[in-house]
Amino acid sequence: MAGCDGGKDDVETKSIDDAKAVVQAKAEGIAGQIGGALTNPALNDAPCTGKRGESGGDEVYFIQGGYQIALPAAEHVATAAKLRDQWKAAGWTITDDRTVGSAAILAATTPDEFRVDLESTVPPSALALLVYSPCYGRPA
């Protein structure tokens, strides 16, 4: 998911635990905007890939955080619209903004290169939130 144009020397060095804490903080901020709590957390690291599919190996990685935020289905579309406006005002680049029936889909990239994907679950009892960090290099 995360891309990296260079090697370890081209990215910020951060321990996996510190990178997970940053992703968790981003997710908590979004949950706060929604007014809900994060549930079903899953934080994983994976190698970054370059533009031509080359792997960063064990040296360069990103964190993916996955969560759910319980929210009645009737509130999904309005909540996504509110977030879209807040994120735009904060300088985030909206990369996807759709409504499919009563389901909301919203994605953005933050100024500090995090990717955020938010969409209605099936059945629509919650919003699924994915937060992808930029690439980091492992400390020596």
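What follows draws every value from the coordinates through simple rules; no lab data is involved. Small disclaimer: the values here were computed from a predicted structure and weren't measured. Here Cβ is always computed from backbone atoms with ideal geometry, including for glycine, and neighbour counts include all displayed protein chains.
A Gaussian network model of the chain, with springs between Cα atoms under 10 Å, assigns the largest mean-square fluctuation among Gly36, Gly66, Gly101 to Gly101. Taking every pair of distinct Cα atoms and averaging 1/r, then inverting, what Kirkwood hydrodynamic radius in Å comes out for segment 68-140? Radius from the Kirkwood sum: 12.9 Å. Our summary gives the chain a relative contact order of 31 percent, counting only alpha carbon pairs under 8 angstrom and 6 or more residues apart. If the chain linking Ala37 and Thr121 were pulled fully straight, counting 0.36 nm for each residue of separation and taking away their Cα-Cα distance, it would gain 28.7 nm.
Return the aspartates and glutamates within reach of Lys26: Cα separation strictly under 18 angstrom, same-chain partners fewer than 8 residues apart disregarded; answer none if there are no such residues. Hits, sequence-local ones excluded: Glu12, Asp17, Asp18, Asp45, Asp85, Asp112, Glu113, Asp117, Glu119.
With neighbours defined as other Cβ atoms within 10 Å of a residue's Cβ, the residues Glu59, Glu28, Glu119 order from fewest to most as Glu28, Glu59, Glu119.
Filter the chymotrypsin sites (Phe, Trp or Tyr not before Pro) in segment 53-140 down to the DSSP loop ones having no more than 15 other Cβ atoms within 10 Å, then list what survives.
Here no loop site has a sparse enough neighbourhood.
Between helix 76-89 and the chain there is an angle of about 50 degrees, using the helix long axis and the longest principal axis of the Cα atoms. Taken over segment 8-137, the ratio of Cα radius of gyration to 2.2 N^0.38 Å equals 1.09. Listed by Cβ neighbour count within 10 Å, with the fewest neighbours leading, Val23, Val77, Val11 appear as Val77, Val11, Val23. Were the residues from Lys88 through Val100 laid out at 0.36 nm apart, the gain over their Cα-Cα distance would be 2.2 nm.
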